[in-house]
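Chemist: Sharing a structure here in structure tokens format.
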Amino acid sequence: MKAIRTVTTEVRSIETAGDDIVLLELADPDDWELPPARGGNHIDLHLPNGLVRSYSLCGDPTESTRYRVAIKREEAGRGGSRAAHALAVGDIVPVSLPRGTFRLAPNAREHVFIAGGIGMTPFVAMIAELRARDAHRDPHTLHVLHRGAPPLAALCASMLAGEAPVWHRTGGGRPRPDLRTLIGDFRAGRHVYCCGPDSLMDAVTALTAHWPAGHVHIEHFVPPPRPVDPDAKPYQAMLSLSKKVIDVAPEESLLHALREHGVEVDAACEGGICGACRVRWTDGQPLHHDRVLTDAERRREVIVC
């Protein structure tokens, strides 16, 4: 039996949720329950123009009949956000099963969430998960650095009543808040989570470099430029079941080479940040350029995009 890769959803509502941001509500056309999700999970949207793009779920994970995703229109992007903004109520959108490695640390006793703009989406769902499991008495704070109108303000007011984010408006000559103060000093049980522009995540990573491993959690939502290796050489990949050998050019991704030879591989971001195209490897020594897998996972898996 072929594994289920996508489920069919219908756009039920579209709301403006900030500057160039839309909030989509997706549900099963016949109102069946959707596959369960956890705070921090994302889904791939199979858009009408053929693109597949990953977006973090920002709804309450305990709601089983709808998914919510917030999407910021990026004029200089690769077309996914523009296609998503062109959706209309009633449109059918296949989506992947929820997945992701960005999640609440099970051993944390305090959570500090730092977001840049639309990077707050996974944290809204994480806080909803904390509330649902009656752990909201544990200290947790969501700091949102934003330009213009606060993103997802209405959603936060309805979902996180009494636990509104701390808004930090930047730009227009306003200084960025002191991240060291927002993060605080390390203490046992404190975990920091960050999602936003690379500059913000790099700053948080630098400020917490001395923290013990596993206490800082970073989520990338924009694929980095693909690394260029002037010394790269062609190589071959053998498919373990069919024993078919595929030639891969120096400037080519393994994902592209596999697809050129008719091998069906799921993919979404095509930039090494979503994990949709992970496959197992058994021999050789792959070069890893992703931002998803742990060191332990890299000993048996590779992100082929």
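Chemist: May I ask for log10 I(q)/I(0) of the range 1-55 at q = 0.12 Å⁻¹, from a Debye sum over the Cα atoms as equal point scatterers with solvent left out?
Modeler: -0.35
Chemist: GNM, the chain, Cα, under 10 Å: largest mean-square fluctuation among 122, 139, 36?
Modeler: Maximum among the listed residues: 139.
Chemist: Go through the range 199-215 residue by residue and turn each phi into a ³J(HN,Hα) via Karplus (6.51, -1.76, 1.60, θ = phi - 60°); whole Hz please, and just put x for glycine and proline.
Modeler: The phi angles translate into 4, 5, 5, 5, 5, 5, 4, 5, 5, 10, 4, 8, 6, x, 4, x, 9 Hz.
Chemist: A follow-up question, please. Per Stokes-Einstein, at 25 °C and 0.890 mPa s, what whole-number D in µm² s⁻¹ belongs to the range 14-90, with the Kirkwood radius over Cα pairs as the hydrodynamic radius?
Modeler: Answer from the Stokes-Einstein relation: 188 µm²/s.
Chemist: Would you calculate, for the chain, the mean residue ellipticity at 222 nm contributed by helices, counting each DSSP H stretch of 4 or more residues as -39,500 (n - 2.57) and dividing by all residues, to the nearest 500?
Modeler: -4500 deg cm²/dmol
Chemist: Quick one: Karplus J couplings for the range 99-105, per residue in order, coefficients 6.51, -1.76, 1.60, θ = phi - 60°, nearest Hz, x for Gly and Pro?
Modeler: 7, x, 9, 8, 8, 5, 5
Chemist: Same structure again: Using alpha carbon coordinates only, what is the Rg to Rh ratio of the range 235-303, with Rh defined as the Kirkwood radius?
Modeler: Here Rg/Rh amounts to 0.92.
Chemist: Which three extents, in whole angstrom, do the alpha-carbon atoms of the chain cover along their principal axes, largest first?
Modeler: 58, 50, 39
Chemist: Can you tell me how the range 110-219 classifies by the Cα gyration tensor, rounded, prolate or oblate, using a/c under 1.5 as the rounded cut?
Modeler: oblate
Chemist: On to the next question. Within the chain, what percent of beta bridges assigned by DSSP are antiparallel, to the nearest 5?
Modeler: Looking only at bridges with both residues in the chain, the antiparallel portion is about 60 percent.
Chemist: Under a Cβ-Cβ cut-off of 12 Å, what is the net charge of the residues other than residue 194 that fall near it, where Lys and Arg count +1 and Asp and Glu count -1?
Modeler: Residues close to residue 194 contribute a combined charge of -3.
Chemist: Assuming 1.306 mPa s and 10 °C, estimate D for the range 45-162 with Stokes-Einstein, Rh taken as the Kirkwood radius over Cα pairs, in µm²/s.
Modeler: 101
Chemist: Also: In debye, nearest 20: dipole of the chain around its Cα centre with unit charges on the Cβ of K, R (+) and D, E (-)?
Modeler: 560
Chemist: Moving to a separate point now. Of 225, 48, 98, which is the most mobile in a GNM of the chain whose springs link Cα atoms less than 10 angstrom apart?
Modeler: Of the options given, 225 has the highest mean-square fluctuation.
Chemist: While we're on this one: Relative to the present Cα-Cα distance, how much length would full extension add between residue 231 and residue 245 at 0.36 nm per residue of separation?
Modeler: Residue separation times 0.36 nm, minus the Cα-Cα distance, leaves 2.8 nm.
Chemist: Identify which of 237, 154, 86 has the largest mean-square fluctuation in a Gaussian network model of the chain, with springs joining Cα atoms closer than 10 Å.
Modeler: Maximum among the listed residues: 86.
Chemist: Here's another thing I want to ask about it. For the range 77-143, what value does the Rg/Rh ratio take when both radii are computed over Cα atoms and Rh is the Kirkwood radius, given to two decimals?
Modeler: For the range 77-143, the value is 1.08.
Throughout, read-outs are computed from the coordinates displayed, never taken from laboratory work. All values reported here derive from a predicted model rather than from experimental measurement. In this analysis, Cβ positions are derived from the backbone assuming ideal geometry, glycine residues included, and neighbour counts consider all displayed protein chains.
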